[in-house]
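The values are calculated or read from the model by the stated rules, or taken from the named source; none is laboratory data. From a predicted model like this one, the values you see are computed outputs, not experimental measurements. All Cβ positions, even for glycine, are placed from backbone atoms using ideal geometry, and neighbour counts span all protein chains on display. Keep in mind that these areas ignore ligands, DNA and RNA; they rest on the heavy atoms of the full protein, side chains included. Shrake-Rupley method; radii C 1.70, N 1.55, O 1.52, S 1.80 Å.
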Amino acid sequence: MAAYAEQQTALRREASLPSEEPREHCDQLAMATPGVEELRNNHGSIQSRQWTLVANGSAPRWAFVRAKDGPPDGWAPKPGIAKLDFQPPLEPALTAGSSHFLAYAPVDSASFEESRKSATVREVFGAAQGRFTWRGRRYSYTLTSELPCFPLLQ
């Protein structure tokens, strides 16, 4: 799974050669941002932090979402992640000392907005690598080692 995430990142880098399509994908990402969580294995404990796109001048920037009473770096333990029934399991891809971004969207879209987010995951982050269940709904996910299109908020 980790090797596949690295391969997807390399393919996106190759796609950044002059072309109309990558710009269109970045515009699509800005208009229909799917769920994005950064995951890491911190001494055997899975932690995550949510990322979103924020307006910053003329271009969006990636920023992590911090709970008002959470730590400054946004990381929080995810003790219930096993209950989400990830198939295939995430743990083998989460090696100690590294993190991966998990982009996800519902498998069965209940609205036009959800279908746009599902398309964004496929077209910007890559083909689905697996599925999980959250609050009774099935989601597809893709793992990648970096966030596409936009820089991080400084």
Positive minus negative residues near residue 111 (Lys, Arg vs Asp, Glu; Cβ under 15 Å): 0
Summing +1 per Lys or Arg and -1 per Asp or Glu among the other residues with Cβ less than 11 Å from residue 99's Cβ gives -1
Helix-only [θ]222 nm of the chain, DSSP H runs n ≥ 4, -39500 (n - 2.57) each, per residue, nearest 500: -7000 deg cm²/dmol
Say each of residue 87 and residue 24 gets a label point 7 Å from the Cα, pointing the same way as Cα to Cβ; how far apart are those two points in nm? 3.4
On a full-extension model of 0.36 nm per residue, what is the gain between residue 95 and residue 123, subtracting their alpha-carbon distance, rounded to one decimal in nm? 7.5 nm
Excluding residue 74 itself, what net charge comes from residues whose Cβ is under 9 Å from its Cβ, given Lys and Arg +1 and Asp and Glu -1? 0
Solvent exposure of segment 73-154 as accessible area per residue, Å², 1.4 Å probe: 53
Quick calc, residue 137 & residue 54: beta-carbon distance into FRET formula, R0 30 Å, rounding 0.05, result 0.70
Can you tell me the orientation of helix 20-31 relative to the chain, as the angle in degrees between its alpha-carbon axis and the longest Cα principal axis, to the nearest 10? 50
What is the percent carbon and sulfur in the accessible area of the chain, measuring with a 1.4 Å probe over the protein chains and ignoring ligands? 53
For semi-axes √(5λ) of the Cα gyration tensor in Å, with candidates (1) 44, 17, 12; (2) 21, 18, 16; (3) 23, 18, 17, the value calculated from the shown model is option (3)
Evaluate E = 1/(1 + (r/R0)^6) for residue 73 and residue 110, where r is the Cβ-Cβ distance and R0 equals 35 Å; express this FRET efficiency to the nearest 0.05. 0.55
